[in-house]
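Heads up: the structure comes next, in structure tokens.
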Amino acid sequence: LRNIMVDRDELNNYCDNYLSVSKYKDYGPNGLQVEGSQTINKIVSGVSANLDLIEQAVVEKADAIFVHHGIFWDNESKVIVGAKKKKIELLIKNQINLFAYHLPLDDHSKVGNNIELGKRLGITKMRSVEDSLLWQGELSINLSDFERLIEEKLDRVPQIFGNKRGQIKKIAWCTGAAQGFIEDAINLNVDLYLTGEVSEKTPAVAKENNITFISAGHHATERYGVQALCDHLCSKFRLKHQFIEVSNSV
């Protein structure tokens, strides 16, 4: 099929509705963060709107960038100086739109980070936990095999704490920096809780509650939602899409 040009505002409105942006109280703005060209044909995606990604998008002559982690956050300074100024300047100079979707992309039932990660890890009976960003599901695998599976699928050696042996049958997970949800996972009576990051207190909480805790990388667990979203947009609007991996060890 021939690629077509899509109006920026139409694309922005579609994503807002598709991802149910308005229902989330988030830590920064979701949707169009930096305005570029009015029409869009080629999009690139990445996990975070860092300078490396933006520079590569310029090389690829992209009309828009889609990311999970955008440029603006509530807990950061509102002034546009330094690296933030350089990134915004590069976007505007090259007429590149920047779209960012944080919590709405984590939680989406079709293209979200959680469901996309669950697919890759072979989790069955996946479902979101009511009034939470947590997801839960089922596995039938021993821990050592699951560790190898994570390394194979995410290209990341996971950190494992708490109960380090046995079969995994019930699992809860939430991508990114969701180590604070471990108590909620314990209340779900699962064998294992997986997220991207670990805090100082998390290993003790896992050990004391006889649960397996896995930290599999913030970046590594959140590669897949934005790709799935952009693939969906390509099927809807016939856009060109390229995912750009910017190496991140966290």
Dipole moment magnitude, nearest 20 debye, the range 58-122 about Cα centre, only Lys, Arg, Asp, Glu C-beta charged: 240
GluC sites (Glu not before Pro) restricted to DSSP loop in the range 188-243 with at most 12 other C-beta within 10 Å: 200
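Measure up 153/207; 61/86; 61/240; 42/87; 42/84 against 22 Å on the Cα-Cα distance and list the ones that go over.
Cα-Cα > 22 Å for 153/207; 42/84; rest within.
What does the charge add up to near residue 13, with Lys and Arg as +1, Asp and Glu as -1, over the other residues with Cβ less than 15 Å from its Cβ?
Residues close to residue 13 contribute a combined charge of -3.
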C-alpha long axis of helix 8-18 to longest principal axis of the chain, angle in °: 20
Inter-label distance for residue 81 and residue 55, nm, one decimal - labels placed 7 Å from Cα along Cα-to-Cβ: 2.3
The range 107-188: trypsin sites (Lys or Arg not before Pro) falling in loop per DSSP and having at most 13 other Cβ within 10 Å: 110, 164, 165
Lys, Arg +1 and Asp, Glu -1 on Cβ, resulting dipole of the range 1-130 about Cα centre, debye, nearest 20: 260
Unit charges on C-beta of K, R, D, E only; dipole of the chain, Debye: 440
Additional length obtainable on full extension of the chain from residue 189 to residue 234, 0.36 nm per residue less Cα span: 12.2 nm
For residue 170, distant residues with modelled amide H under 5 Å away: 139, 191, 192
Using alpha-carbon coordinates, inclination of helix 82-93 to the longest axis of the chain, degrees: 50
Built amide H within the under 5 Å cut-off of residue 48, gap 5+: 68, 69
Trypsin sites (Lys or Arg not before Pro) within the range 172-250: DSSP coil, no more than 11 neighbouring Cβ in 10 Å: 201
Between the range 81-158 and the range 2-42, the alpha-carbon center distance in angstrom: 19
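Bear in mind that the values in this text are calculations on the coordinates, not laboratory data. Predicted model, so just to flag it, every value in this text is computed and none were measured. Glycine gets a Cβ as well: all are built from the backbone with ideal geometry, and neighbour counts include every protein chain shown.
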